[in-house]
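A.B. asks: Supplied in structure tokens, the structure appears directly below.
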Amino acid sequence: MAAMALRVGDRNAIMLGKDSVFPPHLAFYLAHELGHIGLGHLSLQPLVVDLEHPRLASPDDDPEEAAADRFALELLTGLPEPKVLPRSAYSAAELARVALDASKGLNIEPGTLALCFGYSTGHWATANAALRGIYSTRRSVWTVVNKIALSQLSFDLIPDDAKAYLRSVLGASGTP
């Protein structure tokens, strides 16, 4: 499972089930799940689980998945089908440099630009390799995501027996 959107009562939540050492992968998963929520896909079913796919969905596969992909791409780039880099072929090092340069003028995160290149050309290996040239360090993105989640949870509303479990799965120790 890459991620899932779910509804419990009148509240929505997103669970990310896959980690990455670079932010744009998880940013896309999160934006995609926000798409399911924002587009009302949870109104008929309280749970949408997205298994990891090597490519984005096509409308023929599942219209809701394709719509959530477009939502995510538009949220992250301003365009539902971004083709923002001038060429269709780069080496990983060239793509990293071009994405870093273009990100300033386009106001799009450079790693996201590299993955958009992979999306629009199918050159995923180059796009993923370019991430090593865009980010100076690698770190598990889940630690950042879970820190934000911990800051947003109302622990006083969570039953005592669930608090320890929740802290454990979020990688936290002690009380928030």
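A.B. asks: Between PRO159, PRO63, PRO80, find the one with the highest GNM mean-square fluctuation for the chain; connect C-alpha pairs within less than 10 Å.
C.D. replies: The residue that fluctuates most here is PRO159.
A.B. asks: Now a separate question. Express in whole angstrom the spacing between the alpha-carbon centres of segment 1-47 and segment 141-163.
C.D. replies: Segment 1-47 and segment 141-163 have Cα centres spaced 17 Å from each other.
A.B. asks: Assigning unit charges at the beta carbon (Lys, Arg +1; Asp, Glu -1) and nothing else, what dipole magnitude in debye, to the nearest 20, does the chain show about its Cα centre?
C.D. replies: It comes to approximately 740 debye.
A.B. asks: At THR137 and VAL169, where each label point lies 7 Å from the Cα along Cα→Cβ, what is the point-to-point distance in nanometres?
C.D. replies: Roughly 2.9 nm, to one decimal.
A.B. asks: Angle check, please: helix 23-38 long axis (alpha carbons) against the longest principal axis of the chain (alpha carbons), in degrees 0 to 90, nearest 10.
C.D. replies: 60
A.B. asks: Additional query: Mind listing the phi-derived Karplus ³J(HN,Hα) values for segment 132-142, rounded to whole Hz, using 6.51, -1.76 and 1.60 with θ = phi - 60°, and x for any glycine or proline?
C.D. replies: 5, x, 8, 9, 6, 9, 10, 7, 4, 5, 4
A.B. asks: Which of rounded, prolate, oblate describes the chain, given a ≥ b ≥ c as roots of the alpha-carbon gyration tensor eigenvalues and a/c under 1.5 marking rounded, otherwise prolate only if a/b is larger than b/c?
C.D. replies: Judged from the Cα gyration tensor, the chain comes out oblate (a/c at least 1.5, b/c at or above a/b).
A.B. asks: Among all the lysines, which ones have a C-alpha under 20 Å from LYS163's C-alpha, if same-chain residues fewer than 8 places away are not counted?
C.D. replies: LYS147
A.B. asks: Where does segment 83-138 land on the Kirkwood hydrodynamic radius, alpha-carbon pairs, in angstrom?
C.D. replies: For segment 83-138, the Kirkwood estimate is 10.6 Å.
A.B. asks: For GLN45 and ASP62 in one chain, what is 0.36 nm times their gap in residues minus the Cα-Cα distance, to one decimal in nm?
C.D. replies: That pair, GLN45 and ASP62, stretches by 4.6 nm at full extension.
A.B. asks: Within the chain, what's the longest stretch lacking trypsin sites (Lys or Arg not before Pro) that sit in DSSP loops with no more than 11 other Cβ atoms inside 10 Å?
C.D. replies: 1-54
Bear in mind that the values in this text are calculations on the coordinates, not laboratory data. This structure is a prediction, so every number in the text was calculated from the model and none was measured. No Cβ is skipped: glycine too gets one built from the backbone with ideal geometry, and neighbour counts run over all protein chains shown.
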